[in-house]
Amino acid sequence: MAAPTARGMLELIGGTPLVQVTCFDTADSELWVKLESHNPGGSIKDRIGLSMIGAAELDGRLEPGGRLIEATAGNTGLGLALVAALRGYKLTLVIPDKMSQEKVTHLKALGAQVIWTRSDVGKGHPAYYQDMAERIARESGALYVNQFENPANPLAHETTTGPEIWDQMGGRLDAVVCGVGSGGTLTGLSRYFARVAPDVEMVLADPRGSVLAGYVATGTVGIAGSWLVEGIGEDFVPPICDLSRVRSAYIVDDAEAFATVRTLLAKAGILAGSSSGTLIAAAVRYCRDRAARPGAGPARVVTIVADSGAKYLSKAYRDEWLADQGLVQRPGYGDLRDVVARRAGDAQLVALAPDDALRVAYARMRLHDVSQLPVMDRGALTGIVDESDLLVAALAGDRAFERPVRDVMTTKVETLPPEAPLSELVRVLGEGMVGVIVDHGSLFGLVTRIDLVNYLRRQAAGAT
Ligand SMILES: Cc1ncc(COP(=O)(O)O)c(C=O)c1O
């Protein structure tokens, strides 16, 4: 197959590959994934960036050089920013203040103006990001794109994603498994297949905590919880989201979703975003359920890798993060060892040697985002270096960063045995020290305040 040539990046939006995945037990069905991560902006949302801006140009809502406004720091922001940059429009994005710096840096580098707002307020509050974007648009005359109500959003999928899938599957397709963020993908694909191949089943994949699967089952909107996969799941049914053709919905919890994307990378070589774990886990369950249906033969099922896992390397693909979230099961001890996030025995502990220079200590603290490090000499703990030791050394004069760690480390380290009560750990942390858990003379790991918070949070959620 000839590789595509293009007269610019916008021509490379869409036309994404479809690849069969065989590393999951799908009974006798075939599972295919559409790699929307191959779009130039890295996600499925490039398609709607192009279609929503294109529609506004066509009907005159957007003048040459005009300003667009949207409320998102997610993939839609990137899709819009890419198209706006290449077509000469200005873009303002209203972003809740919990968004990752990496995403915001990417958006700003594409030329978008970023307005921060609070993330702790809900719909109806003037600082809620969507209400704020709408108000700024009204007051400034900028065009509020609003993917949740914009008909050009589902239209992009009806006119591009749907026909591509149908064509790539050679017209032999039994089901499409979709997640819902705005509902654009599911609605557009539903409309396309209703026309072209009404027997194709539309299946919803929903994170546990989202209200949509419950809505499909009962017709009522329940109370939303929280979930960690990004880009899908809602606490309301978006206005453009048409779920009327969805017959089955699968609820997937975070642990299963993250385990699934990890398998997808390890076994199929596909670096997918976290939502793909939800979609693929649901698709696998659908395939197996279908095999048990009387009279239903092997199916050909398509689902979507909506964005790349490159954005989630520090989360979904990092064992420590999964452990902090209580998403991987590790052996529990029923004592202070369960509070340790990075265990020395699992080779997860970041440490220094006594002869390491302070610049190494500094670099390692920055790299791992920690404020103190244990100093280990032939497997034994000999001291601790923290930020204040570095500061004192740095203030003391030149070449401070060439001095060995042993010169500045604290050697009087208070240690705790695993069976010490939690109150002892709380006291140590309260005195500004790090908890050092030593089991029969060997270091088990360190405990910081945030490790303790994470542990208590996991316990409250019922995880071990
Ligand atoms: C990361 C991500 N964003 C967006 C979507 C779909 O969004 P929408 O419902 O807005 O089309 C998906 C669906 O799989 C997704 O995984």
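Taken together, the values in this text are just the output of simple stated rules run on the coordinates, not laboratory data. Predicted model only: the values in this text are computed from it and were never measured. All Cβ positions, glycine included, derive from the backbone under ideal geometry; neighbour counts span all protein chains shown.
Once the Cβ-Cβ distance of K412 and A259 is raised to the sixth power relative to R0 = 35 Å, the FRET efficiency obtained is 0.25. Full extension of the chain segment joining E63 with E402 gains 116.2 nm, where the gain is 0.36 nm per residue of separation less the Cα-Cα distance.
Counted over the chain, the DSSP beta bridges are approximately 35% antiparallel.
What you get for the chain, charging only the Cβ of Lys and Arg (+1) and of Asp and Glu (-1), is a dipole of about 620 debye around the Cα centre.
Computing FRET efficiency as 1/(1 + (r/R0)^6) for A109 and L313, where r is the C-beta to C-beta distance and R0 is 25 Å, gives about 0.85. Each label was represented as a point 7 Å from its Cα along the Cα-to-Cβ direction; for Y362 and E11 these points are 4.9 nm apart. With each run of n ≥ 4 DSSP H residues scored as -39500 (n - 2.57), what mean residue ellipticity at 222 nm is computed for the chain after dividing by its residue count and rounding to the nearest 500 deg cm²/dmol? Counting only the DSSP helices, I get -10500 deg cm²/dmol. Normalised by 2.2 N^0.38 Å, with N the number of residues, the alpha-carbon radius of gyration of the chain equals 1.13.
When the listed pairs K90/K315; K34/K123; K267/K315; K103/K267 are checked against a 30 Å cut-off, the alpha-carbon distance exceeds it for K90/K315; K34/K123. Any idea how far the Cα center of region 309-339 sits from the one of region 388-464, in Å? Answer, in whole Å: 19. Each listed q (0.16, 0.17, 0.21 Å⁻¹) maps to a log10 I(q)/I(0) for region 99-184 from the Debye sum over equal C-alpha point scatterers, namely -0.88, -0.94, -1.14. The Cα center of region 151-196 and the Cα center of region 239-300 differ in position by 16 Å. With a cut-off of 12 Å on the backbone N, the residues of region 255-287 near the modelled label site 7 Å out from C23 along Cα-Cβ are 259-272.
Applying 1/(1 + (r/R0)^6) with r as the Cβ-Cβ distance of T218 and S388 and R0 = 60 angstrom yields a FRET efficiency of 0.60. Kirkwood radius, region 17-138, all distinct C-alpha pairs, inverse of mean reciprocal distance: 16.0 Å. Given +1 at the Cβ of Lys and Arg, -1 at the Cβ of Asp and Glu and no other charges, the dipole of region 122-162 around its Cα centre is 100 debye to the nearest 20.
A crude spin-label estimate for the pair V237 and V453, with each label 7 Å from Cα along the Cβ direction, gives 3.8 nm. Were the residues from E431 through A380 laid out at 0.36 nm apart, the gain over their Cα-Cα distance would be 16.0 nm.
Simple rule: put +1 on each Lys or Arg Cβ and -1 on each Asp or Glu Cβ in region 175-244, find the dipole, and look at S244, P198, G222; the Cα lying farthest toward the positive end is P198. Residues whose amide H lies under 5 Å from that of D377, counting only those 5 or more places away or on a different chain, are T382; hydrogens are built 1.01 Å from N in the peptide plane. Rounded to the nearest 20, the Cβ-based charge dipole of region 38-175 about its Cα centre (Lys and Arg +1, Asp and Glu -1) stands at 380 debye.
Set the Cα radius of gyration of region 172-290 against 2.2 N^0.38 Å, with N its number of residues, and you get 1.02. With N as its number of residues, region 330-464 has a Cα radius of gyration that, divided by 2.2 N^0.38 Å, comes to 1.08. Which stretch or stretches of region 57-75 have amide N atoms under 16 Å from the point lying 7 Å from E102's Cα along the Cα→Cβ direction? Those under the cut-off are 73-75. Taking 0.36 nm per residue of sequence separation and removing the Cα-Cα distance, the A85/S226 pair yields an extension gain of 47.4 nm. Over all distinct Cα-Cα pairs of region 1-86, the Kirkwood formula returns a hydrodynamic radius of 14.9 Å.
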